[in-house]
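Encoded as structure tokens, the structure appears first; notes follow it.
The values are calculated or read from the model by the stated rules, or taken from the named source; none is laboratory data. On a predicted model such as this, the values are computed, not experimentally measured, just so you know. Heads up, the Cβs are rebuilt from the backbone with ideal geometry, glycines too, and the neighbour counts pull from every protein chain shown.
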Ligand SMILES: NC(=O)c1ccc[n+]([C@@H]2O[C@H](COP(=O)([O-])OP(=O)(O)OC[C@H]3O[C@@H](n4cnc5c(N)ncnc54)[C@H](O)[C@@H]3O)[C@@H](O)[C@H]2O)c1
């Protein structure tokens with residue numbers, strides 16, 4: 001018999017988890033069947049605030065994996081648990097929503113790919129949440145429509161002093177956080193790869209990292225990553241989770257017939273500007289500024305008032321409703337997500353390649369040679 005609600009086992013009701021759990025409870029096609037939250041007091045409080053029964057709290061992950069009513073697990077635990085928890089869930093035949101990073105060990109990453117290949121009925125998803133931002137969607141569409149001609153240079157930053165307050169101090173610990181790319185810099189890598197997807201594929205990575213300067217990160221929190229594309233374009237990512245003043249997701253994209261910039265740290269109406277030989281007669285336009293568009297005679301190119309931009313590190317303001325909805329719809333329609341472990345593997349591969357490059361001082365080719373990479377990470 002077909003169930004009318006998808007049974008969810010939720011894992012980790014912290015800062016991000018409590019927001020996603022709330023988004024889930026706003027839907028009528030799911031049912032929360034268990035919550036694993038080691039901080040019992042927090043878990044009970046989150047459930048109570050959402051009008052859910054405290055009896056949903058479980059103390060062992062096995063109680064989720066072994067519950068036949070649970071169709072999907074939702075992993076919002078600290079980074080190092082995503083790999084083992086997702087692998088156990090897939091082995092038990094459950095769909096997996098995983099916060100990023102998908103894994104903090106190369107071996108877990110490989111197992112996720114193998115398990116997805118072997119179980120095409122299972123839906124998996126890695127939460128590269130900027131994929132759902134409406135400005136990023138506009139940008140992808142414009143690049144695909146050759147608004148800027150052929151892209152030759154693309155820079156996307158992720159400079160954001162990630163939240164380490166209170167018990168979020170696990171982010172300082174290398175064995176739990178993994179690396180800084182997985183902790184947040186992968187957001188900018190995902191934006192770059194999906195923006196370029198219609199024109200080119202990444203084929204090489206060269207990276208340099210710096211030790212912490214300001215806060216106590218065990219893993220290097222500052223990264224400069226250069227990505228080569230198969231159309232000859234170069235991508236650059238300035239990543240820094242150590243310090244910053246607000247959320248810097250600066251974009252600078254240059255093509256043969258136009259350019260696009262986004263500054264996350266200025267007033268909304270001026271954040272985005274672009275020019276296009278094709279649609280703006282090579283004049284700069286500020287699509288978030290309706291009045292300026294009107295004055296410039298380009299009103300039809302103004303973006304809707306509800307256009308979102310990636311300019312906040314506060315998860316409450318993230319596109320959590322969209323990513324939750326996307327994953328549930330993928331399950332309901334038995335459709336693989338573009339952000340599945342396998343489909344998004346290139347994002348993780350760029351992270352692994354950057355680690356190798358920074359250590360070896362040389363460029364690493366993509367797709368990664370898994371045997372060489374496995375040996376590298378085993379010996380590291
Ligand atoms: N996609 C995004 O934009 C985004 C934004 C913020 C956080 N995140 C991700 O969400 C995850 C959680 O981050 P956070 O900032 O909410 O951290 P947090 O510390 O606030 O929350 C983590 C929660 O997991 C619980 N926990 C600890 N060990 C656990 C275990 N073994 N199993 C289950 N739960 C466990 C903790 O008690 C805590 O409540 C991280 O992986 C982070 O990368 C993603």
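Side notes on the structure shown:
Table: residues versus (1) closer than 30 Å to residue 98 by Cβ; (2) out of contact with any helix residue (DSSP H, G or I) (no Cβ under 9 Å at 6 or more places or on another chain); (3) assigned by TED's automatic domain parsing to the domain that holds residue 158; (4) modelled with pLDDT of 95 or more.
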{"residue": "275", "(1), (2), (3), (4)": "no, yes, yes, yes"}
{"residue": "304", "(1), (2), (3), (4)": "no, no, yes, yes"}
{"residue": "307", "(1), (2), (3), (4)": "yes, no, yes, yes"}
{"residue": "325", "(1), (2), (3), (4)": "yes, no, no, yes"}
{"residue": "334", "(1), (2), (3), (4)": "yes, yes, no, yes"}
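- Filtering the stretch 46-66 to residues that are surrounded by fewer than 16 Cβ atoms within 10 Å (Cβ to Cβ) and in contact with a strand residue (DSSP E or B) (Cβ under 7 Å, 6 or more places away or on another chain) leaves only 63.
- Unmet criterion (only one of (1) in the same structural domain as residue 210 (by TED's automatic domain parsing); (2) buried (at least 22 other Cβ atoms within 10 Å of the Cβ); (3) in a helix (DSSP H, G or I); (4) touching a strand residue (DSSP E or B) at 6+ places or on another chain (Cβ under 9 Å)) for residue 138: (2)
- Scanning the stretch 94-128 for residues that are within 14 Å of the ligand (Cβ to nearest atom) and either surrounded by fewer than 22 Cβ atoms within 10 Å (Cβ to Cβ) or in a loop (DSSP other than H, G, I, E, B) (or both) yields 99, 100, 101, 102, 103, 104, 108, 127, 128.
- So residue 156, is it within 16 Å of the ligand (Cβ to nearest atom) and under 24 Å from residue 325 (Cβ atoms): no
- Residue 123 being farther than 22 Å from residue 288 by Cβ, in the same structural domain as residue 91 (by TED's automatic domain parsing) and more than 15 Å from the chain's Cα centre (by Cα): yes
- Qualifying position, being in contact with a strand residue (DSSP E or B) (Cβ under 9 Å, 6 or more places away or on another chain), under 27 Å from residue 283 (Cβ atoms) and either within 16 Å of the ligand (Cβ to nearest atom) or modelled with pLDDT of 95 or more (or both), among 259, 212: 259
- Residue within the stretch 8-17 that is over 20 Å from residue 115 (Cα atoms) and surrounded by fewer than 18 Cβ atoms within 10 Å (Cβ to Cβ) present: yes
- Residue within the stretch 153-163 that is assigned by TED's automatic domain parsing to the domain that holds residue 285, modelled with pLDDT of 95 or more and either surrounded by fewer than 16 Cβ atoms within 10 Å (Cβ to Cβ) or assigned to a helix (DSSP H, G or I) (or both) present: yes
- Subset tally (residues that are under 24 Å from the mean Cα position of the chain (by Cα), away from the ligand (no atom under 16 Å from the Cβ), within 28 Å of residue 259 (Cα to Cα) and surrounded by fewer than 15 Cβ atoms within 10 Å (Cβ to Cβ)) for the stretch 287-329: 1
- Only one entry in 188, 204, 198 is in the same structural domain as residue 139 (by TED's automatic domain parsing) and within 13 Å of the ligand (Cβ to nearest atom), namely 188.
- Every pair of residues 6+ apart whose Cβ atoms lie under 7 Å, when the first sits in the stretch 67-89 and is in the same structural domain as residue 33 (by TED's automatic domain parsing) and on the phi > 0 side of the Ramachandran plot while the second is in a strand (DSSP E or B) and within 15 Å of the ligand (Cβ to nearest atom): none
- For the stretch 40-73, filtered to residues that are within 11 Å of residue 12 (Cα to Cα) and out of contact with any helix residue (DSSP H, G or I) (no Cβ under 7 Å at 6 or more places or on another chain), the residue that is farthest from the ligand (Cβ to nearest atom) is 40.
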